[in-house]
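Enquirer: Have a look at this one.
The values are calculated or read from the model by the stated rules, or taken from the named source; none is laboratory data. All values reported here derive from a predicted model rather than from experimental measurement. Here the Cβ positions follow ideal geometry from the backbone for every residue, glycine too, while neighbour counts run over all protein chains shown. Remember, those area values only see protein heavy atoms, side chains included, never the ligands or the DNA or RNA. Shrake-Rupley method; radii C 1.70, N 1.55, O 1.52, S 1.80 Å.
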Amino acid sequence: MIVEEIMNDNPYTLAPSNTVLEALKLMREKKVRHLPVVDKEHHVLGVITERDIKEALPSPLQDEPNSPIFHAHVEEIMVKNPLIAHPLDFVEEVALTFYESKVGCLPIVSGGKLVGIVTTTDLLYTYIELTGATEPGSKIDIRVSDTPGILFEITKIFHQHHANVQSVLVYPDSENTQNKILSIRVKTLNPLAMIEDLRKEGFDVLWPNLPGVSL
């Protein structure tokens, strides 16, 4: 998946001459926490966030429109030369940037101009969609040896039960580095028969640990 599939391609923006109060009003009106600051040609000059405004206040409890900071221009407190991404960047790469740089948003730039924005909320929603959690189904966690072909052997059992696989996540086994944990969502509300067959084939099903299913 690439960034242009999840970005907001019509973000609200500010000019550097807008005041901090105008920025705050726009954030509250549009229910956003991040605003790119652009020039007349739509080149990204910076980003201002709700946190930037709070940190600029003389007191975290002070939120009065007559505070001097609210009359300052956003260019005085914005993050200048922010990290950016391109519409054709992979979502995984952008997520890593968020994680490593501890940012809350990335302006998306193409041809030197702002074309969108991605926030941590966009990434979280994308993750939820990719895991299939928005659709009815069941999650099955299986501890497996880290060997080629193991996923094929497991999906054969799902195929025998005519169950569609919605998503597969793989993460390390904290108890044994030679193993992996497969977290698989299947499109069924009753996975009992599949769990029984998985265990008959010797697979270590960690979840769900259903009563009446032998371990």
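Enquirer: What are the pairs with Cβ atoms under 8 angstrom where one residue, in segment 164-181, is closer than 19 Å to Met194 by Cα and the other, located anywhere, is open to solvent by 60 Å² or more (accessible area, probe 1.4 Å) and outside any loop (DSSP other than H, G, I, E, B)? Sequence gap at least six, or different chains.
Expert: Ser167/Leu130; Val168/Leu151; Ile181/Val170; Ile181/Tyr171; Ile181/Pro172; Ile181/Leu206
Enquirer: Right, something else. Out of segment 7-24, which residues are surrounded by fewer than 20 Cβ atoms within 10 Å (Cβ to Cβ) and touching a Gly at 6+ places or on another chain (Cβ under 7 Å)?
Expert: Asn8, Asp9
Enquirer: When only residues in segment 161-211 that are assigned to a loop (DSSP other than H, G, I, E, B) and β-branched (Val, Ile, Thr) count, which is nearest to Pro136 (Cα to Cα)?
Expert: Filtering first and then ranking leaves Thr188.
Enquirer: Answer yes or no as to whether Glu100 is surrounded by fewer than 16 Cβ atoms within 10 Å (Cβ to Cβ) and touching a residue at least 12 places away in the same chain (Cβ under 8 Å).
Expert: Criteria not met by Glu100.
Enquirer: On to the next question. Failed condition for Thr155, given (1) part of a helix (DSSP H, G or I); (2) open to solvent by 30 Å² or more (accessible area, probe 1.4 Å); (3) β-branched (Val, Ile, Thr); (4) under 24 Å from His43 (Cα atoms), with all others met?
Expert: The number of the failed condition is (4).
Enquirer: With respect to the numbered conditions (1) acidic (Asp, Glu); (2) buried (at least 17 other Cβ atoms within 10 Å of the Cβ); (3) part of a strand (DSSP E or B), which one is the sole condition not fulfilled by Asp141?
Expert: All conditions pass for Asp141, except number (2).
Enquirer: Failed condition for Ser174, given (1) within 24 Å of Ile128 (Cα to Cα); (2) modelled with pLDDT of 95 or more; (3) not β-branched (Val, Ile, Thr), with all others met?
Expert: Answer for Ser174: the failing condition is (2).
Enquirer: Looking at segment 105-120, can you tell me whether even one residue there is open to solvent by 80 Å² or more (accessible area, probe 1.4 Å), touching a strand residue (DSSP E or B) at 6+ places or on another chain (Cβ under 9 Å) and over 27 Å from His42 (Cβ atoms)?
Expert: Checking segment 105-120: not a single residue is open to solvent by 80 Å² or more (accessible area, probe 1.4 Å), touching a strand residue (DSSP E or B) at 6+ places or on another chain (Cβ under 9 Å) and over 27 Å from His42 (Cβ atoms).
Enquirer: Could you please give the count of residues in segment 73-105 that are assigned to a strand (DSSP E or B), closer than 24 Å to Ser17 by Cβ and of a type in the set (A, V, I, L, M, F, W, C)?
Expert: The total comes to 2.
Enquirer: Which is in contact (Cβ under 8 Å) with a residue 60 or more places away in the chain and among the charged types (D, E, K, R), of Arg33, Arg51?
Expert: Arg33
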